[in-house]
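J.: Let me begin by handing over the structure; questions about it come next.
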Amino acid sequence: LSRAYHEVYTRQKGRDFLGMRDYYQMVQLLWRKLVLPQRASEHGAKTTFGPEVLCRALCRNFSGNEDSLVGVLETFGRECFSMTLSPSLRPPVSDLVSESLKDHNARHLMLLTTIGAALPLLFSHGLVPASAPVLVGSTFPDDCHDLYLIQHVNRVKAAMAVGETIILWNLDRIYESLYDVLNQRYVVRTSGGRTRRSLRLAIGARSQLCPVEEGFRLIVVVEQDHAHQNLDLPLLNRFEKFQMNPEHLLEASQVDAAAQLGEWMSSVADESGMRTVPATFCGVHAGTSASLLLAAALDERTKETQQDATEYEALERARQHLAALATPFAFMRSTRLRSVVLPEEAERHANLAALVRRLDASGGTDLAVVLTKTPLLVLQGPWTSLRLSEVSSEARLEALLSDFYNSEAPGASTLVVHCDPHISPQAMID
């Protein structure tokens, strides 16, 4: 194991994404799996150190970068068993995340993702309780002060005190306050027959010991490029890290369906004469196909039948969603695109004002993200408008949304939020 790790560590390119903490944690995990059960019971079932056990331990502690993980599995397999660990031995990411969250001896969790995809996936796949709090960092100008950060640190303190799982997203500025929490060096005190554990938490310019109940788990969701390029290496080494995007949660049959959907999008782009798939479908990215198929499967499971959608049904539903994202030029030129929607649905592509009127008339709770080049001045109508660039703080945004939802005035049924990427940071829009 030591020879394999030394080779992996010394051959890293660029930043040392993998560190000694990853290796020590892997050894401790193997000890808990192989040695501890034998000490607890001489007659208990014994776990043999084999390729499957090693592969699982490596995936738990050396994930977060697919290229480096492939090299890790190859090197450790060669040194320990004179073979390459088969990709079939790798557990699904959802199993690794679930196992980590249930392991009270594990490090806290960092999920590397794109466009924040891991956040909804955690809840939709039941990996965290629906009540788990999510702290989202603000990029509004009036929130760039110490009081705002202290409020978030105090929320983490409250989660520690009750043994709660808490999720942080886009909160880089408070990580420095959490180093002692991430080190998991507990101060243990016994009083009145009860044992209490505490950790030191930095709050503002001071630090204090804060009680920690069993079950407290911290999950940090970060953009994978940001983690690889910008986050401090000592911070990264204090987490179990996993890449979590929609494609990592697909089943075997869904992988084939995602490939078919990608081919269909390419054929539509070619037929319509557009340069690329992103130029044909607004907002499409590498994880769109997988995300749509996961959503189709989830929709079926929430129905009374509790049955998964067939591959054909999931593909048709995904194509219909993509048709709603197609540009007007692509919609006019592609027969493949028009064949998956009803003629009256094509009216939504007329112009931005027509789409807003349609949503306003539909009632219900429709949510729509619209990418458009239409001047925002044309959106004069019986609806409420809000310019994101004019909002100065998270509290101000909450107040405006609260006023909208509680208002009974005419035109209060539809809210149009203007987000100009040339004025507002992308993180604020996301």
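The values are calculated or read from the model by the stated rules, or taken from the named source; none is laboratory data. All of these numbers come straight from a predicted model, not from anything done at the bench. Every residue, glycine as well, gets a Cβ built from its backbone with ideal geometry; the counts of neighbours run over all protein chains shown. Ligands, DNA and RNA are stripped out before the accessible areas are found, and what is left, the full protein with its side chains, is counted by its heavy atoms. Shrake-Rupley method; radii C 1.70, N 1.55, O 1.52, S 1.80 Å.
J.: Let me make sure I get this right: for segment 1-128, a, b and c are the square roots of the gyration tensor eigenvalues over alpha carbons, sorted descending. Under 1.5 in a/c it's rounded, otherwise prolate if a/b > b/c, else oblate. Which is it?
T.: In terms of gyration-tensor shape, oblate.
J.: Give the residues of segment 195-216 whose amide nitrogen is closer than 18 Å to a point set 7 Å from the Cα of Val162 in the direction of its Cβ.
T.: Only 210-216 fall inside the zone, counting backbone N under 18 Å.
J.: If I take all pairs of Cα atoms in segment 105-243, what percentage of them are more than 26 Å from each other?
T.: 23
J.: To continue, here is another question. Between [x] 55, 36, 20; [y] 51, 34, 17; [z] 43, 30, 20, which entry matches semi-axes √(5λ) of the Cα gyration tensor in Å as derived from the coordinates of this structure?
T.: [z]
J.: With a 10 Å cut-off between alpha carbons and a GNM built on the chain, which of Ala409, Ala269, Ala258 moves the most?
T.: Ala409
J.: Could I ask something else about it? Can you tell me what share of the DSSP beta bridges in segment 134-242 is antiparallel? A percent to the nearest 5 is fine.
T.: So the antiparallel bridges amount to about 60 percent of the total.
J.: Let me check something: with ligands and nucleic acids excluded, how do Ile166, Ile429 order by accessible area (1.4 Å probe), largest to smallest?
T.: Descending order: Ile429, Ile166.
J.: With a ≥ b ≥ c taken as the square roots of the eigenvalues of the C-alpha gyration tensor of segment 229-290, please select rounded if a/c is under 1.5 and otherwise prolate if a/b is larger than b/c or oblate if it is not? Working shown, then result.
T.: On the way: a/c = 5.32, a/b = 1.88, b/c = 2.82.
The shape class here is oblate.
J.: Relative to the longest principal axis of the C-alpha atoms of the chain, give the angle of the C-alpha long axis of helix 146-162, reported between 0 and 90° and rounded to the nearest 10°.
T.: Taking Cα atoms only, the helix is inclined about 60 degrees.
J.: Still on this model: Specify the residue with the greatest mean-square fluctuation among Arg60, Arg336, Arg396, computed from a Gaussian network of the chain linking alpha-carbon atoms under 10 Å apart.
T.: Largest GNM mean-square fluctuation: Arg396.
J.: So if I take the centroid of the Cα atoms in segment 194-265 and the same for segment 152-173, what is the distance between those two points in Å?
T.: Each part reduced to its Cα centre gives a spacing of 13 Å.
J.: Convert each backbone phi in segment 276-284 into a coupling constant with the Karplus relation 6.51 cos²θ - 1.76 cosθ + 1.60 (shift: θ = phi - 60°), then list the ³J(HN,Hα) values in order as whole Hz, x for Gly and Pro.
T.: Computed from phi, the couplings for segment 276-284 are 9, 5, x, 6, 8, 10, 5, x, 6 Hz.
J.: At 0.36 nm per residue, minus the direct Cα-Cα distance, what do Thr310 and Ser191 gain on full extension? Give it in nm, one decimal, please.
T.: 37.0 nm is the gain from fully extending Thr310 to Ser191.
J.: Per residue of segment 129-139, what does 6.51 cos²θ - 1.76 cosθ + 1.60 with θ = phi - 60° give for ³J(HN,Hα)? Whole Hz please, x for Gly and Pro, Karplus curve as stated.
T.: Karplus values, whole Hz, x for Gly and Pro: x, 4, 8, 4, x, 10, 9, 10, x, 9, 10.
J.: Given H placed 1.01 Å from N in the peptide plane, which residues other than close sequence neighbours of Arg387 have an amide H under 5 Å from its amide H?
T.: Amide H to amide H, under 5 Å and 5 or more residues apart or across chains, Arg387 pairs with His418.
J.: Still on this structure, I have one more. Taking Cα pairs under 8 Å and at least six residues apart, what relative contact order does the chain come out at, in percent?
T.: It comes to 15 percent, rounded to a whole number.
J.: Please state the relative contact order of segment 117-230 as a whole percent: Cα pairs under 8 Å, 6+ residues apart?
T.: Taking the mean separation of contacting Cα pairs over the length of segment 117-230, I get 28 percent.
J.: Then there's this: How far is helix 51-61 tilted off the main Cα axis of the chain, in degrees rounded to 10, range 0 to 90?
T.: Between helix and principal axis, roughly 70 degrees.
J.: Can you compute the modelled spin-label distance between Arg3 and Ser267, with each label point 7 Å from Cα toward Cβ, in nm?
T.: 5.3
J.: Quick check: the angle from helix 93-102's long axis to the longest principal axis of the chain, C-alpha only, nearest 10 degrees?
T.: Tilt relative to the chain: about 50 degrees.
J.: Which one of Ser413, Ala399, Gln38 has its Cα pushed farthest toward the positive end of the charge dipole of the chain, where Lys and Arg give +1 and Asp and Glu give -1 at the Cβ?
T.: Toward the positive end, the furthest listed residue is Gln38.
J.: Then there's this: 5 Å is the cut-off here: which amide hydrogens, built 1.01 Å from N in the peptide plane, fall below it relative to Cys210, excluding neighbours closer than 5 in sequence?
T.: Leu199, Arg200, Leu201
J.: Roughly how many nanometres apart are two label points built 7 Å out from the Cα toward the Cβ at Gln28 and Asp146?
T.: Those two pseudo-labels are separated by 3.3 nm.
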